[in-house]
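Reading through the structure tokens given below for one structure.
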Amino acid sequence: MSVWEIAKFTVAEGKEKDFASTVLGSIPLFKRQDGCLDVQFFHSAEAPETFWLLLEWESIAHHVETFAGTPDFTTFVDSVSPFYAADPVVDHAERFVGGF
């Protein structure tokens, strides 16, 4: 069963567009990772500083052991961290229902 990495980002005021562009530009980086199955990116309709990045991995190990040890991980973190108003919150979840 795959696992979803769910990362919630709180971005500094006025930096939302730059953050979104940076994450969107990073999608090819995720697509080439071993074990990365899907990428979804959301922006809050009510809180402009809030974003969620969801990555589907074959396993937690593909995220925390494989990807986190790559130069691509460092590149991504270095590119988005200047926009943070707070440290991101990251969790992993297994899907129970994928629709109806």
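Computed from the coordinates by the stated procedures, all read-outs in this text should not be read as laboratory data. The shown structure was predicted, so the numbers you read here are calculated from the model rather than taken from an experiment. Neighbour counts are summed over all protein chains in view; Cβ atoms, including those assigned to glycine, are modelled from backbone coordinates with ideal geometry.
Percent relative contact order of segment 3-93, based on C-alpha pairs within less than 8 angstrom and at least six residues apart?
It rounds to 49 percent for segment 3-93.
Would you compute the Debye intensity of the chain from its alpha-carbon atoms alone, equal scatterers and no solvent, and pass along log10 I(q)/I(0) at q = 0.14, 0.17, 0.18 Å⁻¹ to two decimals? So the normalised log intensities work out to -0.52, -0.77, -0.86. In this structure the amide hydrogen of residue 39, modeled in the peptide plane, comes within under 5 Å of the amide hydrogens of 56, none closer than 5 places in sequence on its chain. Counting only trypsin sites (Lys or Arg not before Pro) that DSSP places in a loop and that have at most 16 other Cβ atoms within 10 Å, the longest clean stretch of the chain runs over 33-94.
For segment 34-80, GluC sites (Glu not before Pro) are listed when DSSP marks them as loop and at most 12 other Cβ atoms sit within 10 Å of their Cβ; the list is 46. Against the chain, whose longest principal axis is taken from its Cα atoms, helix 71-80 shows a tilt of about 30°. Dipole check for segment 22-80: with +1 at the C-beta of Lys and Arg, -1 at the C-beta of Asp and Glu, and the Cα centre as origin, the magnitude is about 160 Debye.
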